[in-house]
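Shown next, in structure tokens, is the structure this report addresses.
The values are calculated or read from the model by the stated rules, or taken from the named source; none is laboratory data. Values in this document were obtained by computation on a predicted structure and should not be read as measured data. Here the Cβ is made from the backbone with ideal geometry for all residues, glycine too, and neighbour counts use every protein chain on show. These area figures cover heavy atoms from the full protein model, side chains too; ligands, DNA and RNA do not enter into them. Shrake-Rupley method; radii C 1.70, N 1.55, O 1.52, S 1.80 Å.
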Amino acid sequence: MLRPPVRSTCNRCANVSFDSSHAASSVGEVSSVPENRVVIGPRGVDRLRSGHQWVYRSDVRSVDADPGAVVRLFDERGRYHGRAFYSDRSQISIRLVTSDDVEVDREFLRQRLLAAAEFRKRVVADSEAYRLVYGEADALPSLIVDCYGDYLVMQNLCQSSERMKPLLVELLLELFSPRGIIERNDPKVRLLEGLEQRVSTLYGEVPDEVRAREGGIEYIYDLHHGQKTGGFLDQRENHEAAANYASGEVLDCFSYHGGFALTVAAKAQRVEAIDLSAAAVSAAQRNQKINGFDNIIFREANSFDLLKQYDDEDRRFDMVILDPPAFAKNRESIPAAHRGYKEINLRALKILRPGGYLVTCSCSHHIAEALFLQIVAEAANDAHRTVNVVERRTQSRDHPILLTVPETHYLKCLILRCL
Ligand code: SAH
């Protein structure tokens with residue numbers, strides 16, 4: 001059973017240490033200071049042994065910790081399993097930080113941030129916009145930090161990561177000297193943690209428009225209001241991969257600010273790029289202007305309708321790009337998502353010229369890669385097209401997948417060649 005958290009004031013100060021196991025009272029002393037200890041049951045232990053890093057509420061046996069504390073994890077036999085972030089609200093009660101017996105303090109976090117940055121130096125060669133920290137995959141659960149030129153955007157998606165915010169800002173300033181840091185703490189998952197949704201500037205000034213390059217393309221980002229943290233940085237490498245196959249006429253169906261359209265434009269004769277959102281279309285048009293292209297038409301349209309219309313009209317393209325929003329937000333919506341993905345892929349395959357390429361993506365982590373391949377195969381059969389799988393891609397390497405945490409692998413991007 002969960003014990004109600006004991007209130008404490010000693011480990012509140014974010015600037016000191018989050019590993020407050022030192023605060024445990026000595027034997028016989030009467031104290032209300034929590035020991036920051038959580039005991040988990042056998043299913044939780046098995047889960048950690050399988051390499052996963054989360055333990056669900058139903059597998060927690062007892063808690064002596066404040067919400068958002070860094071706790072020491074034990075099983076019912078008293079064996080130590082590591083230090084973890086504790087949430088008193090989420091179904092994910094425990095997020096493992098380390099299985100070592102070490103303090104999760106300022107220096108610990110500094111080292112983890114440095115390691116994350118070191119890795120980005122290897123995998124981000126030619127981009128001023130990239131993901132610097134990707135939560136669990138960087139051993140910093142529920143912490144996202146994206147870099148856009150001189151500015152950083154942070155997301156604190158669990159109680160502990162929220163509680164560490166002041167210290168994280170201090171460390172980000174010390175290590176990376178940004179001109180400004182903004183928190184984009186507006187994702188809905190924060191509500192599951194009992195945290196409010198908020199967007200605010202944490203350091204310096206963050207202008208309404210921030211310019212940065214991804215590869216050869218310059219973008220104007222709105223870090224305050226843009227989707228995600230301002231851009232779809234996870235598609236950066238896929239934009240470039242698509243450009244390798246582009247020629248002739250290209251249709252980009254869910255274009256947002258033009259990531260695919262702008263990157264393939266230099267290789268294509270003409271690009272038509274559509275999005276349902278008028279704001280996204282005008283941002284994409286501005287991006288086209290600052291990059292000096294004149295062969296892209298960005299316009300507002302519904303991809304489902306337009307693909308059907310072009311199919312009915314026998315319009316043909318040399319490349320079609322499909323990068324819709326996540327159709328499956330949860331398990332229950334998998335069948336509807338299956339139908340949605342199949343429909344757009346079927347239409348896209350039908351309007352491709354022989355030898356044309358389909359670049360098709362799904363960012364629903366509930367649609368595993370095998371299922372996505374199956375859906376596209378069903379679409380190919382129904383469209384009577386023979387298709388090569390040229391590339392099976394995923395999110396950019398600055399969004400690394402944690403092998404034993406399947407939730408960290410969410411983006412699929414297939415590059416297919418139609419015979
Ligand atoms: N391809 C973009 C990211 C796309 S995000 C990139 O690489 O940067 C998904 C986009 O699909 C959003 O901009 C959203 O406005 C748009 N969208 C959602 N439903 C749509 C629909 N039915 N038709 C066209 N666009 C749609």
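The residues in region 112-165 that are more than 23 Å from V189 (Cα to Cα), among the charged types (D, E, K, R) and at pLDDT 95 or above can be counted, and the count is 7.
Only strands (runs of 3 or more DSSP E) wholly contained in region 29-105 count here; list those with 2 or more residues that are modelled with pLDDT of 95 or more and among the charged types (D, E, K, R).
60-64, 70-75
The C-beta contact set for region 221-233 (first residue over 12 Å from V199 (Cα atoms) and acidic (D, E), second residue open to solvent by 10 Å² or more (accessible area, probe 1.4 Å) and within 13 Å of the ligand (Cβ to nearest atom), distance under 8 angstrom, 6+ apart or interchain) comprises D222/A283. For Y219, the conditions (1) surrounded by fewer than 23 Cβ atoms within 10 Å (Cβ to Cβ); (2) in a strand (DSSP E or B); (3) hydroxyl-bearing (S, T, Y) are fulfilled apart from (1).
Among (1) more than 16 Å from the ligand (Cβ to nearest atom); (2) surrounded by fewer than 16 Cβ atoms within 10 Å (Cβ to Cβ); (3) in a strand (DSSP E or B), where does I182 come up short? Status for I182: all satisfied but (2). Of E332, E369, E343, all but one fail to be acidic (D, E) and within 30 Å of L140 (Cβ to Cβ); the exception is E369. Considering every residue within region 200-215, establish whether at least one is away from the ligand (no atom under 12 Å from the Cβ) and modelled with pLDDT under 95. Checking region 200-215: at least one residue is away from the ligand (no atom under 12 Å from the Cβ) and modelled with pLDDT under 95. Can you tell me which residue is nearest to F317 (Cα to Cα) among those in region 226-247 that are open to solvent by 20 Å² or more (accessible area, probe 1.4 Å) and more than 12 Å from the ligand (Cβ to nearest atom)? If we take residues in region 226-247 being open to solvent by 20 Å² or more (accessible area, probe 1.4 Å) and more than 12 Å from the ligand (Cβ to nearest atom), then S247 is nearest to F317 (Cα to Cα). I'd like to check something: does region 269-281 contain any residue that is charged (D, E, K, R), closer than 22 Å to L352 by Cβ, within 13 Å of the ligand (Cβ to nearest atom) and open to solvent by less than 10 Å² (accessible area, probe 1.4 Å)? Among the residues of region 269-281, at least one is charged (D, E, K, R), closer than 22 Å to L352 by Cβ, within 13 Å of the ligand (Cβ to nearest atom) and open to solvent by less than 10 Å² (accessible area, probe 1.4 Å), which makes the answer yes.
Within region 259-268, restricting attention to residues that are buried (at least 24 other Cβ atoms within 10 Å of the Cβ) and more than 9 Å from the ligand (Cβ to nearest atom), the residue that is nearest to N302 (Cα to Cα) is L262. The number of residues in region 118-145 that are surrounded by 16 or more Cβ atoms within 10 Å (Cβ to Cβ) and free of Cβ contacts under 8 Å to residues at least 60 places away in the same chain comes to 6. Where strands (runs of 3 or more DSSP E) fall entirely within region 280-385, those with at least 2 residues that are of a type in the set (S, T, N, Q) are at 352-362. Mind listing just one residue for me: the one in region 386-403 that is part of a loop (DSSP other than H, G, I, E, B) and open to solvent by less than 60 Å² (accessible area, probe 1.4 Å) and, of those, farthest from L352 (Cα to Cα)? The selected residue is L402.
So is R316 open to solvent by 70 Å² or more (accessible area, probe 1.4 Å), touching a residue at least 40 places away in the same chain (Cβ under 8 Å), under 20 Å from E214 (Cβ atoms) and more than 13 Å from the ligand (Cβ to nearest atom) or not? No; evaluated as a whole, the condition is false for this residue. One residue alone among V405, V359, V390 is modelled with pLDDT under 95 and closer than 27 Å to R120 by Cα, and that residue is V405.
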